[in-house]
Amino acid sequence: MWCRNCNIETNDTICPVCSETTVEDIPIEIYWCVHCKTPIIQNVTQADKGICPLCGEIIKYLSADLRPVFPEERLLLELLLDKEPNEFIKKSVWAANSRYYIDGKSIAISSKTFQLADADSLSNKIS
Ligand SMILES: [Zn+2]
Ligand SMILES: [Zn+2]
């Protein structure tokens, strides 16, 4: 069990420190390994946190939440960033809230930018 308030692990449904109700899931954090070019998901309580389980190198913290980016979204992202279509196709592209991570490098794009993107001019650019 996990207390969100105190960020501690406990065996009780009530936190022994602050008496808040605890949750079952221990939060995860997402890290990036520059060597393996891959996101690494770690438990906040695990002992070897910050170390890549694949290569043993130090990994850097990315976010508490990460999702994969699908091809259409990736294409839109490339156009919004003035890149060639499919420029990121061989890269590892992930998203967390309004940030994108391209090979572990974070890029901030607001959802507004996406909404304001002119669909017509974008499709012209692709064709
Ligand atoms: Zn607590
Ligand atoms: Zn690694």
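Computed values, structure above
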quantity	calculated
Virtual spin-label span in nm between PHE70 and GLU24, 7 Å along Cα→Cβ	2.8 nm
Whole-Å semi-axes of the ellipsoid equivalent to segment 1-65 (Cα gyration tensor, √5λ, descending)	29, 10, 8
Packing-based exposure ordering (other Cβ within 10 Å, fewest first) of PHE114, PHE70	PHE70, PHE114
Neighbour-count order for CYS33, CYS55, fewest beta carbons within 10 angstrom listed first	CYS55, CYS33
For the chain: Kirkwood Rh in Å [reciprocal of mean 1/r, alpha carbons]	16.9 Å
Diffusion constant of segment 36-89 at 4 °C, which comes from Stokes-Einstein with the Kirkwood Cα-pair radius and 1.567 mPa s, µm²/s	96 µm²/s
Full-extension gain in nm, LEU54 to LYS37, via 0.36 nm per residue minus C-alpha separation	5.0 nm
Selection of trypsin sites (Lys or Arg not before Pro), segment 46-86, meeting DSSP coil and at most 16 other Cβ within 10 Å	LYS49, LYS83
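A short reminder: the numbers here are calculations on the coordinates, not readings from a lab. All values reported here derive from a predicted model rather than from experimental measurement. Positions of Cβ are backbone-derived with ideal geometry, glycine not excepted, and every protein chain shown enters the neighbour counts.
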